[in-house]
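Working notes for the structure below.
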Amino acid sequence: MERHEDPKGAREVGVPSRSSPGRFSQDEAAASNLVAISGESVMANDLQSRVDSMFKTDRLWAWAFIVALWATLLFVYVGVSGYIQDGTAKILLAVAGILVGLFNTASIAAMISHYGHDKKFIYELDIKHLDANQR
């Protein structure tokens, strides 16, 4: 079997040898398929690593946002509670702040979970669009 590189030079493509035009031996066909399959699996592994990296970054930013949210809620409560004279109003403010924090934390945790389940669909589409815009 003669070997020729495709135009991009990414993989070798099997071409029938001159001794038996138009026919591949089983070994030649298997080797040609192995080269093609291994090239695709490298591409798939690279895409999967990019998906995992993007998901990891998004997850980190989401949890950082939650920490910043709780810090902001605490800051607002401490800053405002000095102006409130009524103890019941302070308790109401604290309960409202805690509920806002809990609902936001739960929603972001659910978002991260759903992104984890659908990350292949979500991030592969993003990567394809990013790659297309770089050309």
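The values are calculated or read from the model by the stated rules, or taken from the named source; none is laboratory data. The structure presented is a predicted model; accordingly, all values stated were derived computationally and were not measured. Quick reminder, even Gly has a Cβ in these numbers, built from the backbone with ideal geometry, and neighbours come from all protein chains shown.
Things to note:
- Pairs are defined by a Cβ separation below 6 Å, a sequence spacing of at least 6 or placement on different chains, a first member in region 71-99 that is free of Cβ contacts under 8 Å to residues at least 60 places away in the same chain, and a second member that is aromatic (Phe, Trp, Tyr) and surrounded by 10 or more Cβ atoms within 10 Å (Cβ to Cβ); the pairs so defined are Gly97/Tyr77.
- Positions within region 112-129 being free of Cβ contacts under 8 Å to residues at least 60 places away in the same chain and under 13 Å from the mean Cα position of the chain (by Cα), in sequence order: Ile112, Ser113, His114, His117, Asp118, Phe121, Ile122, Leu125, Lys128
- Subset of region 63-86 [of a type in the set (Ser, Thr, Tyr) and not in a helix (DSSP H, G or I)]: Tyr83
- When the criteria are applied in full, Lys120 meets the requirement of being in a helix (DSSP H, G or I), among the basic types (Lys, Arg) and surrounded by 12 or more Cβ atoms within 10 Å (Cβ to Cβ).
- Test: residue in region 95-108 that is in a helix (DSSP H, G or I), within 13 Å of the chain's Cα centre (by Cα), loosely packed, with under 13 Cβ neighbours inside 10 Å and of a type outside the set (Asp, Glu): no
- Test: Leu130 is at pLDDT below 95 and not aromatic (Phe, Trp, Tyr): yes
- Of the residues making up region 123-135, those that are of a type in the set (A, V, I, L, M, F, W, C) and surrounded by 11 or more Cβ atoms within 10 Å (Cβ to Cβ) are Ile127, Leu130.
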